[in-house]
Amino acid sequence: MPWKEAEMSKLREEFILRALEPDANLSELCREYEISRKTGYKWLQRFKEGGIEGLRERTRRPHSSPLSASGEAVLRILELRRSHARWGPKKLHAVLARQLKAAEVPSQRSIARILERAGVSVSRARRPATNAPTVPPRAEATCPNMLWTVDFKGWWRTGDGSRAEPLTVRDAYSRYVLCAELMTTTTGEAAQLVFERLFEKHGLPESILVDNGSPFVSMRSPGGLTTLSAWWVSLGIRLVRSRPACPQDNGGHERMHLDMRFDVEDVATHDLEGQRAALERWRHEFNHVRPHEALAMKVPSELYSRSERPYLGPIRAWYPLGAEVRCVNKKGMAKFRGRNVYVSMALRGQSVAFVDDAEGVTEMFFFNTSLGQLAAAA
């Protein structure tokens with residue numbers, strides 16, 4: 001029944017909310033909610049992989065079946081694969097689309113399943129993620145603006161079908177929500193415009209805690225830096241990253257998103273204009289009206305105050321004596337001792353330092369962020 005599914009969804013979200021508490025005892029929580037530990041861990045894993053959406057009921061019916069493809073289509077797929085052993089589902093789908101009627105062409109996923117069942121698929125090893133934190137972030141907040149937490153709230157649809165996706169920024173010490181702005185795009189350029197306004201209004205934080213998603217972090221970039229996070233670092237802000245698939249590392253922000261889900265997303269307005277107004281009303285109530293148990297029943301605005309660090313633009317980096325400072329060109333390269341060294345496209349126009357240690361190993365730095373050691377010249 002629909003009401004039962006909704007009740008179960010709320011129950012799971014409440015369980016996750018409590019399980020994310022720093023001193024939570026999962027075994028006791030499972031007994032309290034009358035579920036097995038296996039189920040509790042399953043809910044946590046689904047939340048880590050898919051957020052709130054991952055907790056909702058999943059249909060057991062497959063979205064599609066490779067057996068639904070016509071016999072002719074299956075034969076064509078296998079013939080093409082025998083003739084072109086390196087072709088994957090994407091190329092095979094494009095060729096079939098030119099040879100068969102549109103209704104007879106299986107999807108790329110169905111083609112992949114057909115190849116797998118026929119024993120002719122080739123599994124490609126995934127490139128391991130680099131620069132991923134493996135320990136919980138060390139980020140304390142004992143006063144306002146010591147740490148801001150940042151994330152994109154999962155999107156939802158308004159009544160007219162528009163996509164609402166807020167960028168949220170929160171002061172970790174006071175719980176004060178500095179920003180809950182609906183974005184039309186999640187690019188770094190769009191996010192930077194929002195942060196420029198925040199920095200001008202509230203000043204600069206000492207650190208910003210983010211997950212490992214775009215546009216805040218690039219898992220393939222040295223130091224995890226993107227153009228946006230490199231800009232933060234150039235302002236003198238320390239970048240703090242949570243571990244992949246560990247939402248508990250930013251648990252306070254996730255709990256704030258749960259509140260937003262119940263109070264705003266579940267009662268979505270007709271259009272984006274109304275949604276922006278509703279979101280701003282929610283932010284005002286969260287900051288100025290609603291008492292928080294974690295704040296001894298105070299409201300966040302009673303504890304938050306503007307940062308004493310004004311926004312004055314990028315600062316000059318300090319590097320140790322003997323460091324060789326080089327500018328990164330538009331191709332992401334820097335000239336060092338007669339070599340063209342690739343640094344990062346995110347650092348174009350920035351200055352980096354090459355520092356030799358006592359053993360002669362050279363390490364690259366952007367401010368205090370290590371970009372890794374330089375490979376020895378061939």
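The values are calculated or read from the model by the stated rules, or taken from the named source; none is laboratory data. Note that the structure is a prediction, hence the values are computed from the model and not measured. Glycine also receives a Cβ, built like all others from the backbone with ideal geometry; neighbour counts cover every protein chain displayed.
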Next item on the list: Quick one: residue 229 ticks every box in (1) surrounded by fewer than 23 Cβ atoms within 10 Å (Cβ to Cβ); (2) closer than 22 Å to residue 181 by Cα except a single one, so which number is it?
Entry: (1)
Margin query: Condition check: of a type in the set (D, E, K, R) and either free of Cβ contacts under 8 Å to residues at least 40 places away in the same chain or surrounded by 11 or more Cβ atoms within 10 Å (Cβ to Cβ) (or both). Does residue 302 satisfy that?
Written below: yes
Checklist line | Residue list for the stretch 236-267, restricted to those being surrounded by fewer than 19 Cβ atoms within 10 Å (Cβ to Cβ) and either assigned to a loop (DSSP other than H, G, I, E, B) or basic (Lys, Arg) (or both) | finding: 236, 238, 243, 244, 245, 246, 255, 261
Next item on the list: Might you check whether a residue that is over 19 Å from the mean Cα position of the chain (by Cα) and either in the same structural domain as residue 298 (by TED's automatic domain parsing) or farther than 19 Å from residue 228 by Cα (or both) occurs anywhere in the stretch 185-197?
Entry: yes
Item checked: Enumeration of residues in the stretch 320-361 that are at pLDDT 90 or above and assigned to a loop (DSSP other than H, G, I, E, B) -> 323, 328, 329, 330, 331, 332, 343, 344, 348, 349, 350
Check: In the set 303, 279, which member is modelled with pLDDT of 95 or more, aliphatic (A, V, I, L, M) and over 30 Å from residue 162 (Cα atoms)?
Finding: 303
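Condition check ((1) modelled with pLDDT under 70; (2) under 16 Å from residue 99 (Cβ atoms); (3) not assigned by TED's automatic domain parsing to the domain that holds residue 14) across all residues:
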{"site": "41", "(1), (2), (3)": "no, no, no"}
{"site": "60", "(1), (2), (3)": "yes, no, yes"}
{"site": "63", "(1), (2), (3)": "yes, no, yes"}
{"site": "66", "(1), (2), (3)": "yes, no, yes"}
{"site": "81", "(1), (2), (3)": "no, yes, yes"}
